[in-house]
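Structure record follows, encoded as structure tokens.
The values are calculated or read from the model by the stated rules, or taken from the named source; none is laboratory data. None of the values given here were measured: they were computed from a predicted structure. Because the Cβ atoms are built from the backbone with ideal geometry, glycine has one as well, and the counts that use them run over all protein chains shown. These accessible areas exclude ligands, DNA and RNA; they are computed on the full protein's heavy atoms, side chains included. Shrake-Rupley method; radii C 1.70, N 1.55, O 1.52, S 1.80 Å.
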Amino acid sequence: MNALFLIASAIIMAIAGYQILKAIARSQWVNKGNPLPALKIGAISKEEIINELKALRGRKIALHYQKTVHGVEKAYHMVNRMLTQVGAQCVDSPYDAEVVARIYAGQSYPFAYTIDGPPRHSKSYSINGECVPRFLTPAVLLGICHFLKQLDAERGRV
């Protein structure tokens, strides 16, 4: 009887721990623009990701990548294709864009990314992260969404 109670308690503790991790990961995405923890443990649903990407329609985004890093070009094309599919306008010059995303080699993980404003604006806010190839495309896309939300909030367009 005691063994059954211990097993049931362990299962309940594991579920509670998972729910706490999920809440922490979600708050990191909402507050800091870091979607990686939330993507890894499924704290963001596919529907939420699709809703986030709808906000990119009509926005001008410059996307650049470090050409000397193996695998980055494929990620660049995947992000670029997704931006085009959701109706964002991909521009070549960072001066014509609302947001600039860069993909390059990471130090701890294979890839890193930076999302910030165009050179004409002061860089009061930026998003930086590193990840494995599997999470690079959604991390960059969601990072762009989060950056634009912050930009709109600063401009009073909430």
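Quote the FRET efficiency, to the nearest 0.05, computed for TYR18 versus ALA105 with a Förster distance R0 of 22 Å and r equal to the Cβ-Cβ distance. The computed FRET efficiency comes out at 0.10.
Of the residues THR114, THR68, THR84, the one with the largest accessible area comes first in the ranking THR68, THR84, THR114, computed with a 1.4 Å probe on protein heavy atoms. Computed log10 I(q)/I(0) for the chain at 0.12, 0.20 Å⁻¹: -0.55, -1.31, from the Debye equation with unit scatterers placed on every C-alpha and solvent omitted.
Overall, the ratio between the Cα radius of gyration of the range 89-158 and 2.2 N^0.38 Å, rounded to two decimals, is 1.13. Summed over all non-identical Cα pairs, the Kirkwood treatment of the range 9-87 gives a radius of 15.0 Å. Exposed loop sites, defined as trypsin sites (Lys or Arg not before Pro) outside DSSP H, G, I, E and B with at most 13 other Cβ atoms within 10 Å, are absent from the longest region of the chain, namely 1-56. A straight Cα-to-Cα reach below 20 Å connects LYS40 with the lysines LYS22, LYS32, residues fewer than 8 places away in its own chain not being considered. Look at the dipole of the chain built from charges on Cβ: of HIS146, TYR104, ILE127, the Cα furthest out on the positive end belongs to HIS146. Note on HIS77: accessible area is roughly 90 Å² with a 1.4 Å probe, heavy atoms of protein only.
State the extension gain, in nm to one decimal, for the chain segment bounded by CYS90 and ASN31, taking 0.36 nm per residue of separation less the distance between their alpha-carbons.
18.6 nm
Based on the Kirkwood approach, the hydrodynamic radius assigned to the range 58-117 is 11.8 Å, with every pair of different Cα atoms included.
Dividing the helix sum by the residues of the chain, where each DSSP H run of 4 or more adds -39500 (n - 2.57), gives a mean residue ellipticity at 222 nm of -17500 deg cm²/dmol. Counting 0.36 nm for each residue step from LEU4 to HIS77 and taking away their Cα separation leaves a gain of 21.0 nm.
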